[in-house]
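Working notes for the structure below.
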Amino acid sequence: MSVKTIWDIDHACGHSSRTDLSSRAADQRAGYARWLAKRECPDCWRKEHQRDAQDTASWLVAKRAAEVAAADEWQERFRMPPLDGPERAVPWASTVRHQLMTAAYSALVSEGDLDEADWQELEDQARTVTRAGWWIDQREADAADLPELLAAASDNDRTNENPY
Ligand SMILES: [Zn+2]
């Protein structure tokens with residue numbers, strides 16, 4: 001009599017499955033079958049993992065939507081111009097602009113020594129930069145560097161406007 005290759009396994013989830021263990025050595029099948037029995041059946045395992053992936057995906061979608069809504073509200077309140085760029089890039093760029101400007105206000109005004117008048121000037125400068133790609137490029141910038149970055153952006157604009 002040879003060691004069976006098809007095993008009926010009662011899984012931890014309460015389901016049972018008929019599993020072909022012929023790819024395992026004969027003396028390892030019983031141990032492997034016991035190991036499988038402590039786990040959920042293949043169907044339950046797949047369902048659980050798909051749900052994990054879906055939960056993560058929908059959580060990310062919800063998080064992005066909330067960030068975009070916050071950026072829109074901020075844009076409205078501070079009279080920031082809408083950004084120009086590809087349809088997919090604009091919400092992302094608006095979010096980056098909102099987060100960077102908010103972080104810069106904390107770093108430079110709340111915790112730094114920039115006064116409100118200087119900040120207004122910086123905001124005006126930020127209003128002139130409407131290219132979505134520029135803001136996306138600054139997504140990892142240090143908020144305290146924003147004045148320098150905006151100054152560079154305005155210089156470039158001038159260069160572009162007047163190439164001669
Ligand atoms: Zn199951």
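The values are calculated or read from the model by the stated rules, or taken from the named source; none is laboratory data. Predicted model only: the values in this text are computed from it and were never measured. Glycine gets a Cβ as well: all are built from the backbone with ideal geometry, and neighbour counts include every protein chain shown. Quick note on the areas: whole protein, heavy atoms, side chains included, nothing else; ligands and nucleic acids left out. Shrake-Rupley method; radii C 1.70, N 1.55, O 1.52, S 1.80 Å.
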Tally, over the stretch 33-47, of residues that are open to solvent by less than 60 Å² (accessible area, probe 1.4 Å) and either free of Cβ contacts under 8 Å to residues at least 12 places away in the same chain or more than 37 Å from the chain's Cα centre (by Cα) (or both): 2
Would you confirm whether any residue within the stretch 73-92 is assigned to a helix (DSSP H, G or I), crowded, with 16+ Cβ neighbours inside 10 Å and of a type in the set (A, V, I, L, M)? yes
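This table checks each residue for (1) assigned to a helix (DSSP H, G or I); (2) at pLDDT below 95; (3) touching a His at 6+ places or on another chain (Cβ under 8 Å).
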position: Cys44; (1), (2), (3): yes, yes, yes
position: Asp52; (1), (2), (3): yes, yes, no
position: Asp55; (1), (2), (3): yes, yes, no
position: Lys63; (1), (2), (3): yes, yes, no
position: Ala66; (1), (2), (3): yes, yes, no
position: Ser94; (1), (2), (3): yes, no, no
position: Tyr105; (1), (2), (3): yes, no, no
position: Leu108; (1), (2), (3): yes, no, no
Out of the stretch 20-32, which residues are open to solvent by 70 Å² or more (accessible area, probe 1.4 Å) and either polar (S, T, N, Q) or within 16 Å of the ligand (Cβ to nearest atom) (or both)? Ser23, Gln28
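Being in contact with a Phe, Trp or Tyr (Cβ under 6 Å, 6 or more places away or on another chain), under 30 Å from Gln138 (Cβ atoms) and free of Cβ contacts under 8 Å to residues at least 60 places away in the same chain narrows it down to one residue among Val96, Val90, Val68; which is it? Walk me through how you get there before you give the answer.
Working: Val90 fails: in contact with a Phe, Trp or Tyr (Cβ under 6 Å, 6 or more places away or on another chain); Val68 fails: in contact with a Phe, Trp or Tyr (Cβ under 6 Å, 6 or more places away or on another chain).
Of Val96, Val90, Val68, the one residue that is in contact with a Phe, Trp or Tyr (Cβ under 6 Å, 6 or more places away or on another chain), under 30 Å from Gln138 (Cβ atoms) and free of Cβ contacts under 8 Å to residues at least 60 places away in the same chain is Val96.
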Identify the single condition in (1) open to solvent by 60 Å² or more (accessible area, probe 1.4 Å); (2) at pLDDT 95 or above that Ala141 does not satisfy, given that it satisfies every other one. (1)
Surrounded by 12 or more Cβ atoms within 10 Å (Cβ to Cβ), basic (Lys, Arg) and over 39 Å from the mean Cα position of the chain (by Cα) - does that describe any residue in the stretch 48-65? no
